[in-house]
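Engineer: One structure coming up, written as structure tokens, with questions to follow.
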Amino acid sequence: MKDHHVPAVAAEPAATIFDKILAGQIPCHRVYEDDHVLAFLDVGPLSPGHTLVIPKERKAFLHELSDEAGAAIGRALPRIARAVIEATGATDYNVLQNNGAAAHQAVFHVHFHVIPRRGAQGLEIGWAPRSIDHADAADLAGRLRALLGQSD
Ligand code: AMP
């Protein structure tokens, strides 16, 4: 009988085009690199300066990243954002990070988009807020705190 259990964390994510960039097998417009992080311009920019920031660790989804890779990305992102806004003259920008095909992920290697907003150029967002149900929210927040090892 087949095992239909799908693990939340894939053991060995498939190689993607970003591995080839990391290995220097295909070119990129590199803007930043350290031991754990690479950043380069997106080939299909939503606006000039649209930059991708990726961990060198090969993981498909944000929740799979090691603490070390996550910390390195967190350290690099504000620095890269500062450079992007200074170089492009944009004052406004979005940071976008997609996980899963239904969430618009096309390349299954974790990446953060830094997308300057210049007039009409930049990220278009569909945003349809609903009213919070406070009873459901209290239950959900409690379950999240438990999963995150937080006290009630
Ligand atoms: P996502 O939909 O979040 O997975 O976005 C993937 C992004 O990777 C897209 O914005 C693509 O334009 C970008 N991309 C794909 N291949 C390359 C490449 N070889 N160099 C730079 N950016 C790329």
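The values are calculated or read from the model by the stated rules, or taken from the named source; none is laboratory data. All of these numbers come straight from a predicted model, not from anything done at the bench. All Cβ positions, even for glycine, are placed from backbone atoms using ideal geometry, and neighbour counts span all protein chains on display.
Engineer: Can you name the condition, by its number, that residue 71 falls short on among (1) more than 15 Å from the ligand (Cβ to nearest atom); (2) in contact (Cβ under 8 Å) with a residue 60 or more places away in the chain?
Structural biologist: Unmet for residue 71, out of (1) more than 15 Å from the ligand (Cβ to nearest atom); (2) in contact (Cβ under 8 Å) with a residue 60 or more places away in the chain: (2).
Engineer: Could we say that residue 124 is modelled with pLDDT of 95 or more, of a type in the set (Asp, Glu) and in a helix (DSSP H, G or I) here?
Structural biologist: Values: modelled with pLDDT of 95 or more: yes; of a type in the set (Asp, Glu): yes; in a helix (DSSP H, G or I): no.
Judged against the criteria, residue 124 is not a match.
Engineer: Next question. Could you identify the single residue in 65, 77 that is under 17 Å from residue 19 (Cα atoms), at pLDDT 95 or above and surrounded by 13 or more Cβ atoms within 10 Å (Cβ to Cβ)?
Structural biologist: Working: 77 fails: under 17 Å from residue 19 (Cα atoms).
Selected residue: 65, the only one of 65, 77 that is under 17 Å from residue 19 (Cα atoms), at pLDDT 95 or above and surrounded by 13 or more Cβ atoms within 10 Å (Cβ to Cβ).
Engineer: Can you tell me how many residues in region 108-123 are surrounded by fewer than 19 Cβ atoms within 10 Å (Cβ to Cβ) and either charged (D, E, K, R) or in contact with a helix residue (DSSP H, G or I) (Cβ under 6 Å, 6 or more places away or on another chain) (or both)?
Structural biologist: 2
Engineer: How do the pairs read when you match residues in region 131-149 that are surrounded by fewer than 11 Cβ atoms within 10 Å (Cβ to Cβ) with residues anywhere that are not aliphatic (A, V, I, L, M), using Cβ under 9 Å and keeping only pairs 6 or more apart or on different chains?
Structural biologist: Matching pairs, first to second residue: 144/150.
Engineer: Within region 74-94, is even one residue within 25 Å of residue 121 (Cα to Cα), free of Cβ contacts under 8 Å to residues at least 40 places away in the same chain and hydroxyl-bearing (Ser, Thr, Tyr)?
Structural biologist: So far as region 74-94 goes, yes, one or more of its residues are within 25 Å of residue 121 (Cα to Cα), free of Cβ contacts under 8 Å to residues at least 40 places away in the same chain and hydroxyl-bearing (Ser, Thr, Tyr).
Engineer: For region 26-118, list the strands (runs of 3 or more DSSP E) that sit wholly inside it and hold at least 3 residues that are within 22 Å of residue 14 (Cα to Cα); which are they?
Structural biologist: 37-41, 51-55
Engineer: If I go through region 1-60 residue by residue, how many of them are exposed (fewer than 14 other Cβ atoms within 10 Å of the Cβ), more than 15 Å from the ligand (Cβ to nearest atom) and at pLDDT 95 or above?
Structural biologist: Residues flagged as exposed (fewer than 14 other Cβ atoms within 10 Å of the Cβ), more than 15 Å from the ligand (Cβ to nearest atom) and at pLDDT 95 or above within region 1-60 amount to 2.
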